[in-house]
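One structure below.
The values are calculated or read from the model by the stated rules, or taken from the named source; none is laboratory data. These numbers come from a predicted model, not from an experiment. Here the Cβ positions follow ideal geometry from the backbone for every residue, glycine too, while neighbour counts run over all protein chains shown. In case anyone asks, the SASA skips ligands and DNA or RNA and just uses the protein heavy atoms, side chains included. Shrake-Rupley method; radii C 1.70, N 1.55, O 1.52, S 1.80 Å.
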Amino acid sequence: MHPLQRHADAPELQEAVADAFCEVALKACEENGVFNVSLSGGSTPKKLYELLSKRDLPWDKTHWFWGDERNVPHDHADSNCRMVREALLSHVPVPESNIHAVPVNVNDPQSAANEYDKTIRDHFQGGPAKWDLALLGMGDDAHTASLFPGTKALDETARAFVANWVEKFDAWRYTLTHPAINSASEIWFLIAGANKRDALAAVRGDAKDVQQFPSQLVRPTRWYITEDAIA
Ligand code: 6PG
């Protein structure tokens, strides 16, 4: 299992990820003329997106996808699309055609998920999703993206993107499936805070239980962790 990249606190972690993000983006654009990234929601990456808005990236060559989304309109306070636009995309010259937001349909999440699944496949010319980078957070319940413990999406292996009923929220979520996440070249967990300590220890522990610890379904290439999240 890849070693932890330990950081004193969230700001230091976010600065380190911002530097690494720029390196991966520039390398992908030099090699392939494009950088495809799948974004995480949540509070930890939000500051990262704000830092990236002040960097000099090949904005016209970067394509932005969401690894998960809430079943709310894009202008809703809980929307990951809104969060990323406010933190980053509205401040930099990204062509609107490079922003691939989940086409949320509050009343029919399955059709919205099917549409986004097609968007992903079309973008990758019908082949498996091949992001250059997938950014992921991890909840204190060991979920990642919107792959929550005990939910149906954990078992999905045919599609790249699905709607997922999450009982504890009494709500639908949208999420990449674990095969789609694992198809990325770089997969980074961003984990900050003492409240993640138990979940991180369980996910990296010897007891394998993907239903209880869904983050174990992911094969990360890097773990960005704050000291207080380490048992
Ligand atoms: C979301 C995220 C979610 C998040 C974790 C960790 O939509 O909320 O995608 O999976 O990454 O809940 O969130 P924090 O980084 O805010 O702790």
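Just name the residue that is nearest to Lys118 (Cα to Cα) out of those in the range 147-162 that are outside any helix (DSSP H, G or I) and open to solvent by 30 Å² or more (accessible area, probe 1.4 Å). Of everything passing the filter in the range 147-162, Arg159 is nearest to Lys118 (Cα to Cα). In the range 16-30, the residues that are farther than 15 Å from Pro45 by Cα reach residues that are among the charged types (D, E, K, R) with C-beta atoms within less than 8 angstrom, at least six apart or across chains, in these pairs: Val24/Asp132; Val24/Glu186; Ala25/Asp132; Ala28/Asp132; Cys29/Lys61. Filtered by the rule that a residue be within 23 Å of Gln110 (Cβ to Cβ), of a type in the set (Lys, Arg) and surrounded by fewer than 16 Cβ atoms within 10 Å (Cβ to Cβ), the range 163-215 gives a lone residue, Lys168.
For the residues Val92, Val34, Val24, the requirement of being within 23 Å of Ser215 (Cβ to Cβ), surrounded by fewer than 18 Cβ atoms within 10 Å (Cβ to Cβ) and more than 16 Å from the ligand (Cβ to nearest atom) singles out Val24. Taking first residues from the range 191-209 that are of a type in the set (Asp, Glu) and partners that are away from the ligand (no atom under 13 Å from the Cβ) and open to solvent by less than 50 Å² (accessible area, probe 1.4 Å), the Cβ contacts under 8 Å between residues at least 6 apart in sequence or on separate chains come to Asp209/Gln216. The set of residues in the range 68-93 that are closer than 16 Å to Lys54 by Cα and in contact with a Lys or Arg (Cβ under 6 Å, 6 or more places away or on another chain) contains only Ala87. When you check Gly42 against the structure, is it within 16 Å of the ligand (Cβ to nearest atom) and at pLDDT 95 or above, yes or no? Here the answer is no, as Gly42 does not meet what is asked.
Here Ala113 fits the description: within 17 Å of Glu69 (Cβ to Cβ) and either free of Cβ contacts under 8 Å to residues at least 40 places away in the same chain or outside any loop (DSSP other than H, G, I, E, B) (or both).
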